[in-house]
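Below is one structure; the comments refer to it alone.
The values are calculated or read from the model by the stated rules, or taken from the named source; none is laboratory data. Owing to the predicted nature of the structure, the values given are computational and were not obtained by experimental measurement. Using ideal geometry, Cβ is built from the backbone for each residue, glycine included, and neighbour counts are taken over all protein chains shown.
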Amino acid sequence: MGKFLAIGLGGFFGAVLRYWISEWVFELFKGRFPAGTLAVNLVGSFVLGLLMAVFENYPLHPLQPNIKFFLATGLLGAFTTFSTFSFETLVLLQAGSVGKAALNILLSVCIGIAAALAGYGLGKYI
């Protein structure tokens, strides 16, 4: 399988998964906070950290170089979304919800980095 096919297939699955999870979490919060985007970005950060550590610990077989492209670039690249985070934060600001916008930024950045670090730490451990 070629690199671009691996990325494309991963992207397909990541985008569908993001949509499903975002909608489910959006319903839980009744749209009062962009929790769906926050959830997928935090989960994606954790999983990417985990994968990168696992790939460091267990290098891929030379015949399987596209696994990393499928998982990291395709699946997680489509699963996470910086542009939606940015736009939803802008919408909160335009609505005068400065506190919610600030909370969204703080949670996304700080917990996102912590999630990536936690995933990486777990990946180094296993």
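Annotations
- Residue-level check: of (1) farther than 17 Å from residue 108 by Cα; (2) surrounded by fewer than 14 Cβ atoms within 10 Å (Cβ to Cβ); (3) of a type in the set (Lys, Arg), residue 32 misses just (1).
- Whichever residue in the stretch 35-65 is among the hydroxyl-bearing types (Ser, Thr, Tyr) and modelled with pLDDT of 90 or more and, among such residues, is surrounded by the most Cβ atoms within 10 Å (Cβ to Cβ): 37
- If only residues of the stretch 76-85 that are over 12 Å from residue 34 (Cβ atoms) and part of a helix (DSSP H, G or I) are counted, the one that is farthest from the chain's Cα centre (by Cα) is 83.
- Of note, residue 7 does not satisfy the criterion of being of a type outside the set (D, E, K, R), free of Cβ contacts under 8 Å to residues at least 24 places away in the same chain and crowded, with 16+ Cβ neighbours inside 10 Å.
Results for (1) under 20 Å from residue 117 (Cα atoms); (2) free of Cβ contacts under 8 Å to residues at least 60 places away in the same chain; (3) touching a helix residue (DSSP H, G or I) at 6+ places or on another chain (Cβ under 6 Å), shown as yes or no for each residue.
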position: 3; (1), (2), (3): no, no, yes
position: 12; (1), (2), (3): no, no, no
position: 18; (1), (2), (3): no, no, yes
position: 30; (1), (2), (3): no, yes, no
position: 48; (1), (2), (3): yes, no, yes
position: 67; (1), (2), (3): no, no, no
position: 75; (1), (2), (3): yes, no, yes
position: 80; (1), (2), (3): yes, no, yes
position: 95; (1), (2), (3): no, yes, no
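- Inter-residue pairs, beta-carbon under 7 Å, first over 14 Å from residue 88 (Cα atoms) and in the stretch 99-114, second surrounded by 13 or more Cβ atoms within 10 Å (Cβ to Cβ), 6+ apart: 111/42; 112/41; 112/42; 112/45
Quick grid of which residues meet (1) part of a helix (DSSP H, G or I); (2) surrounded by fewer than 18 Cβ atoms within 10 Å (Cβ to Cβ); (3) modelled with pLDDT of 95 or more; (4) not aliphatic (A, V, I, L, M):
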position	(1), (2), (3), (4)
70	yes, no, yes, yes
74	yes, no, yes, yes
87	yes, yes, yes, yes
93	yes, yes, yes, no
106	yes, yes, yes, no
114	yes, yes, yes, no
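For (1) within 24 Å of residue 122 (Cβ to Cβ); (2) of a type outside the set (Ser, Thr, Tyr), each residue gets a yes or a no:
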position	(1), (2)
4	no, yes
27	no, yes
37	yes, no
54	yes, yes
57	yes, yes
64	yes, yes
67	yes, yes
99	no, yes
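- Output for the stretch 79-126, where each listed residue is more than 14 Å from residue 51 (Cβ to Cβ) and of a type in the set (Gly, Ala, Ser): 83, 86, 95, 96, 97, 99, 101, 102, 108, 112, 114
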